[in-house]
Amino acid sequence: MVDQAHKPEETAVPNNLQQHHKQDEEQQQSVRENAEYEDEELHKLLVPDITQLPLTPPSSVESNFASYFAPDFMKPGNDQYVYRHPNGLCVVGLASTHSAFKDKGGVSAVDFNVGKSDRSGMKVTGKRKKASSFGNAQHFESNTALCKVCTNDDSYIIRCCVKGSLLEVNERLIKQPDLLNSSADREGYIAIIMPKPADWLKVKSSLLSLEDFKKSREAGSILPSHNSS
């Protein structure tokens, strides 16, 4: 009789153990599922979907600069670009739609001797490319001439497009004008200019983004010439 009275207690102990064991397994399963979910999400962040990757990797210009364009700057067909770096520096050059590239043979010569001085003779000193760091930097208006680009049939005046301090001109173009024909948006840039923040905000409103510039040229629209303010 004593043994029979203790049987319910003996059977209750294993049941409790089984219940706790089941709860432990459920908790471990939940932890594993959460870990797998976190690993999957981390994988998505670190390894992009191959179907979403561009056909060609972005260039250094696309990665490091914001692209703006000044179409028909001071003259129809004088399309120029302004690539702005986050530190404020602006790289100025000829857009691929510039009239010079439409002439037979393309650009054949570049002359920095314009206005009252030879731009190629300007040497700016300083450790950092900031306007305040260069006491001898010359300050130009947006319509100031930087150089003259020549083709077999014509010549074109290339201008600053932005008001600021001229830090550097691309002297390589004097001996290698063909850089404009092969890589005007990279090695064939014209000059580097540092505008003041306030001056940049003023000129930015007159420039087009890459998307808007493409649309305007695809539509064949002729935009009004830009005038300095």
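The values are calculated or read from the model by the stated rules, or taken from the named source; none is laboratory data. Here the structure is a predicted model, which is why all the values come from computation and not from measurement. Note that we place each Cβ from the backbone using ideal geometry, even for glycine, and neighbour counts take in every protein chain shown. To get the accessible areas, we keep the full protein, side chains included, count just its heavy atoms, and leave off ligands, DNA and RNA. Shrake-Rupley method; radii C 1.70, N 1.55, O 1.52, S 1.80 Å.
Sorting the segments 79-85, 197-203, 69-75, 104-110 by their mean number of nearby beta carbons within 10 angstrom, highest to lowest, gives 79-85, 69-75, 104-110, 197-203. The heavy atoms of Tyr37 offer some 140 square angstrom of accessible surface to a 1.4 angstrom probe. Once both labels are positioned 7 Å from their Cα atoms along Cα-to-Cβ, the gap between Glu211 and Asp111 label points is 4.2 nm. Peptides 205-214, 178-187 ranked from most to least packed by the mean count of surrounding Cβ atoms within 10 Å: 178-187, 205-214. On the basis of the beta-carbon distance and an R0 of 25 Å, Ala219 and Ala66 show a calculated FRET efficiency of 0.60. For the residue pairs Lys163/Lys204; Lys75/Lys148; Lys163/Lys215, alpha carbon separations beyond 18 Å are given by Lys163/Lys215.
Quick check: pseudo-label points 7 Å beyond the Cα along Cα→Cβ at Leu201 and Tyr37, how many nm apart are they? Spacing of the two 7 Å Cα→Cβ label points: 4.6 nm.
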